[in-house]
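Asks: Structure in structure tokens, see below.
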Amino acid sequence: MGLPTTPDDASLAAVDAKFAEVAERRQAEKAAEDAHRVAYRNLWLSHHWPHRYDRCTTIRGRHVCRRCLWFYIVAFATLAAAPLGISPWPTAWDPMFVWILSIPATIDFVVGELGSLKYDARRQVIVSSLLGLAVGRGFYAELLMRGSTTFWGPVLVFGSMWFAAAVVAWMNKRGQYRESATG
């Protein structure tokens, strides 16, 4: 039995279907890569991959980290008010309140990153605002006296906890980040 010299319609249809399948797969891979690239580029404001955009607010079409938004607004407002003599408490209480007000945000972040706490936007705004008060007052103390333990003590202690929790969470979930960006 010899080989056919011209393909029949069924063979052509099968080849066309295979080419269409390969083209569709390539197009899906390109779309996934594009989505990942866009999500990666947006991390500077959102700090989150798309599967965690619930932790962001949208400003002019861009996802912005809700924690950072409230933290920076309150911290800079507190810092700007300090030279004017406007303080949320007496200045002598700064060392105590800077430490105390840093605790709720640290608990929220660490426990949330390690997966034991359900995310709540309202709670995040509150604890981020409290942290903003603490950091604003702490930074003012640093501006008055370089090397201030009122600022650097909590930054080193709580910052280390935040960093460690973020690294552990990333190590535990690193495969999910790329998958979430690709859909």
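The values are calculated or read from the model by the stated rules, or taken from the named source; none is laboratory data. Small disclaimer: the values here were computed from a predicted structure and weren't measured. All Cβ positions, glycine included, derive from the backbone under ideal geometry; neighbour counts span all protein chains shown.
Asks: Right, residue 137: among the charged types (D, E, K, R) and either within 15 Å of residue 100 (Cβ to Cβ) or in contact with a Lys or Arg (Cβ under 7 Å, 6 or more places away or on another chain) (or both) or not?
Replies: Spelling it out, residue 137 is indeed among the charged types (D, E, K, R) and either within 15 Å of residue 100 (Cβ to Cβ) or in contact with a Lys or Arg (Cβ under 7 Å, 6 or more places away or on another chain) (or both).
Asks: Hey, can you tell me all the residues within region 10-43 that are among the polar types (S, T, N, Q) and either surrounded by 11 or more Cβ atoms within 10 Å (Cβ to Cβ) or modelled with pLDDT under 80 (or both)?
Replies: The answer is 11, 42.
A quick yes/no check of all residues on (1) hydroxyl-bearing (Ser, Thr, Tyr); (2) over 20 Å from residue 105 (Cβ atoms); (3) modelled with pLDDT under 90; (4) part of a loop (DSSP other than H, G, I, E, B):
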{"site": "45", "(1), (2), (3), (4)": "no, no, yes, no"}
{"site": "48", "(1), (2), (3), (4)": "no, no, yes, yes"}
{"site": "53", "(1), (2), (3), (4)": "yes, yes, yes, no"}
{"site": "69", "(1), (2), (3), (4)": "no, no, no, no"}
{"site": "75", "(1), (2), (3), (4)": "no, no, no, no"}
{"site": "78", "(1), (2), (3), (4)": "yes, no, no, no"}
{"site": "83", "(1), (2), (3), (4)": "no, yes, no, no"}
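Asks: Shifting gears a bit: Which of (1) at pLDDT 75 or above; (2) surrounded by 11 or more Cβ atoms within 10 Å (Cβ to Cβ) is the odd one out, the single condition residue 58 does not satisfy?
Replies: Just one mismatch for residue 58, condition (2).
Asks: Of all residues in region 53-89, which are of a type outside the set (S, T, N, Q) and over 23 Å from residue 102 (Cβ atoms)?
Replies: Of everything in region 53-89, those that are of a type outside the set (S, T, N, Q) and over 23 Å from residue 102 (Cβ atoms) turn out to be 53, 54, 59, 60, 61, 62, 63, 84, 85.
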